[in-house]
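Please read the structure below before turning to the comments.
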């Protein structure tokens with residue numbers, strides 16, 4: 001009998017459902033179905049081949065399930081910790097742009113697990129909606145709206161005289177490039193309340209006439225406040241570059257423009273017209289937690305750790321990384337893996353004292369009359385008991401009278 005070939009997507013779905021019924025989760029089933037349909041569209045499939053694929057998937061899935069009592073925490077720590085010792089201490093230039101230094105390697109991994117409030121080199125990857133991502137001019141509009149432009153960026157010369165006031169010569173070419181008008185500059189300068197603001201006919205020179213003499217001791221302070229004055233852009237975003245990328249969409253290759261920003265301000269950037277708010281990424285995990293919630297922060301931790309490891313060429317199973325992210329976020333907020341976070345919140349006194357500040361932890365526990373039930377690994381190692389993992393999880397209880405009752409009944 002000739003092998004039966006699958007003729008339609010519906011037929012593929014029906015046979016796959018029969019083969020995987022009650023053997024995998026619904027989420028996993030949908031993932032497998034998508035992959036199988038891709039293969040069927042490209043090469044075609046026979047029923048026997050589909051069954052063989054389903055059986056192999058189930059076999060591998062069941063082989064990867066964690067056994068009861070397996071020390072997943074210890075395995076995860078070893079699986080991430082050992083390769084991490086091979087990491088380099090370095091930064092790299094983002095997207096070939098020398099101005100963008102982004103921390104990578106071990107320093108970045110430490111930042112993540114320490115749950116730092118702000119990364120040493122914050123950056124954002126900003127995707128645009130279809131109308132803007134396909135046009136360089138439209139992408140440049142969004143870039144100008146996001147990138148912070150200060151007075152320093154658009155002037156040629158700045159003079160401050162205690163008697164005559166402040167004179168600024170504007171760079172019209174830079175103003176055009178940044179999308180800044182003379183009225184934008186004047187509006188920003190009004191916030192400083194230095195005096196009356198005048199412009200010349202050519203709109204290239206701005207003069208500020210003070211109400212009285214300018215204090216000599218304040219000249220440098222005034223200069224700095226003028227130069228650093230923000231005219232437009234999102235607070236915290238220093239620089240934005242436009243990147244052209246090729247993306248695969250079904251069977252086509254499409255070009256799209258993506259913005260890479262130095263600095264981070266997730267809430268403000270997501271509200272900019274033209275930005276696809278569903279595809280805005282920042283390496284500031286605390287900011288993700290604050291704006292998008294704890295689940296988004298968990299996903300950000302996973303993404304950042306995996307990116308760091310992959311950049312170093314290290315192959316670590318993502319389930320170990322997911323466990324670390326779960327431990328850091330299960331309480332509803334991002335906590336560091338340290339004495340001020342996860343390690344410091346253990347119920348065992350000995351486990352806490354084994355990590356840091358041994359004497360202080362033991363004294364505090366003694367004064368508080370705490371009891372240690374030795375629930376974990378470290379505390380049992382300290383006292384020399386069997387560790388409660390694997391076969392060590394099983395506890396045997398013997399009823400002393402049980403054997404005597406059995407002996408009497410047998411007589």
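The values are calculated or read from the model by the stated rules, or taken from the named source; none is laboratory data. Worth saying up front: this structure is predicted, and the values here are computed from it rather than measured. Don't worry about glycine lacking a Cβ; one is built from the backbone with ideal geometry, like all the others, and counts go over all protein chains shown.
The rows are residues; the columns are (1) part of a helix (DSSP H, G or I); (2) modelled with pLDDT under 85; (3) assigned by TED's automatic domain parsing to the domain that holds residue 84; (4) closer than 15 Å to residue 114 by Cα.
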| residue | (1), (2), (3), (4) |
| --- | --- |
| 296 | yes, no, yes, no |
| 302 | yes, no, yes, yes |
| 316 | no, no, yes, no |
| 321 | yes, no, yes, yes |
| 326 | yes, no, yes, yes |
| 332 | no, no, yes, no |
| 336 | no, no, yes, yes |
| 359 | yes, no, no, no |
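Any chance segment 208-225 includes a residue that's outside the structural domain of residue 267 (by TED's automatic domain parsing) and modelled with pLDDT of 85 or more? Write out each step before concluding.
From segment 208-225, those outside the structural domain of residue 267 (by TED's automatic domain parsing) are 208-225; that's our starting set.
From the residues that got through so far, the ones that are modelled with pLDDT of 85 or more too are 224-225.
Yes, there is a match, as at least one residue in segment 208-225 is outside the structural domain of residue 267 (by TED's automatic domain parsing) and modelled with pLDDT of 85 or more.
Among the residues that make up segment 97-113, is at least one of them exposed (fewer than 12 other Cβ atoms within 10 Å of the Cβ), modelled with pLDDT under 90 and closer than 30 Å to residue 235 by Cα? Give the derivation first.
At the first step, the residues of segment 97-113 found to be exposed (fewer than 12 other Cβ atoms within 10 Å of the Cβ) are 98-99.
Remaining after also requiring modelled with pLDDT under 90: 98-99.
If we keep only those that are closer than 30 Å to residue 235 by Cα as well, we get 98-99.
For segment 97-113, residues exposed (fewer than 12 other Cβ atoms within 10 Å of the Cβ), modelled with pLDDT under 90 and closer than 30 Å to residue 235 by Cα: present.
State yes or no: is residue 280 touching a helix residue (DSSP H, G or I) at 6+ places or on another chain (Cβ under 6 Å), touching a residue at least 60 places away in the same chain (Cβ under 8 Å) and not in a helix (DSSP H, G or I)?
Numbers: touching a helix residue (DSSP H, G or I) at 6+ places or on another chain (Cβ under 6 Å): yes; touching a residue at least 60 places away in the same chain (Cβ under 8 Å): yes; not in a helix (DSSP H, G or I): yes.
Against the criterion (touching a helix residue (DSSP H, G or I) at 6+ places or on another chain (Cβ under 6 Å), touching a residue at least 60 places away in the same chain (Cβ under 8 Å) and not in a helix (DSSP H, G or I)), residue 280 qualifies.
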**OP:** Would you check which residues across segment 328-344 are touching a residue at least 40 places away in the same chain (Cβ under 8 Å) and more than 13 Å from residue 295 (Cβ to Cβ) and list them?
**Re:** 335, 336, 337, 338, 341
**OP:** Would you check if residue 350 is over 31 Å from the mean Cα position of the chain (by Cα), loosely packed, with under 12 Cβ neighbours inside 10 Å and farther than 30 Å from residue 61 by Cα?
**Re:** no
**OP:** Please determine, by comparing only the residues of segment 208-223 that are in contact (Cβ under 8 Å) with a residue 40 or more places away in the chain and outside any loop (DSSP other than H, G, I, E, B), which one is surrounded by the most Cβ atoms within 10 Å (Cβ to Cβ).
**Re:** 208
Original post:
What are the residues in segment 353-378 that are closer than 17 Å to residue 69 by Cα and surrounded by 13 or more Cβ atoms within 10 Å (Cβ to Cβ), if any?
Top reply: 374, 376, 377, 378
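Using the structure shown, decide if residue 226 is in a strand (DSSP E or B), touching a helix residue (DSSP H, G or I) at 6+ places or on another chain (Cβ under 8 Å) and under 22 Å from residue 174 (Cβ atoms). So that I can check it myself, show each step before the final result.
Details: in a strand (DSSP E or B): no; touching a helix residue (DSSP H, G or I) at 6+ places or on another chain (Cβ under 8 Å): yes; under 22 Å from residue 174 (Cβ atoms): yes.
Against the criterion (in a strand (DSSP E or B), touching a helix residue (DSSP H, G or I) at 6+ places or on another chain (Cβ under 8 Å) and under 22 Å from residue 174 (Cβ atoms)), residue 226 does not qualify.
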**OP:** Could you list all residues from segment 190-207 that are within 18 Å of residue 162 (Cβ to Cβ) and either outside the structural domain of residue 153 (by TED's automatic domain parsing) or in a loop (DSSP other than H, G, I, E, B) (or both)?
**Re:** 192, 193, 194, 195
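Any chance you could count how many residues in segment 327-356 are farther than 18 Å from residue 375 by Cβ and touching a helix residue (DSSP H, G or I) at 6+ places or on another chain (Cβ under 9 Å)?
Qualifying residue count, segment 327-356: 12.
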Original post:
If a residue has to be surrounded by 16 or more Cβ atoms within 10 Å (Cβ to Cβ) and not in a strand (DSSP E or B) to count, how many in segment 239-267 make the cut?
Top reply: 4
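Of the residues 159, 171, 137, 177, which single one is free of Cβ contacts under 8 Å to residues at least 12 places away in the same chain and over 30 Å from residue 279 (Cα atoms)?
Details: 171 fails: free of Cβ contacts under 8 Å to residues at least 12 places away in the same chain; 137 fails: over 30 Å from residue 279 (Cα atoms); 177 fails: over 30 Å from residue 279 (Cα atoms).
Residue meeting the stated conditions: 159.
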**OP:** Quickly run through segment 19-29 and pick out the residues that are assigned to a helix (DSSP H, G or I) and either surrounded by 11 or more Cβ atoms within 10 Å (Cβ to Cβ) or in contact with a strand residue (DSSP E or B) (Cβ under 6 Å, 6 or more places away or on another chain) (or both).
**Re:** 19, 20, 28, 29
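Give me the residue from segment 85-96 that is more than 27 Å from residue 242 (Cβ to Cβ) and at pLDDT below 80 and, out of that set, surrounded by the fewest Cβ atoms within 10 Å (Cβ to Cβ). Before the answer, list the steps.
As a first pass, look at segment 85-96 and keep what is more than 27 Å from residue 242 (Cβ to Cβ): 85-89.
Narrowing further to those that are at pLDDT below 80: 86-89.
Numbers: 86: 11, 87: 20, 88: 12, 89: 9.
The extreme case among them is 89.
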Subject >> Single condition residue 117 does not satisfy, out of (1) exposed (fewer than 14 other Cβ atoms within 10 Å of the Cβ); (2) touching a helix residue (DSSP H, G or I) at 6+ places or on another chain (Cβ under 6 Å); (3) farther than 30 Å from residue 335 by Cα >> reply: (3)
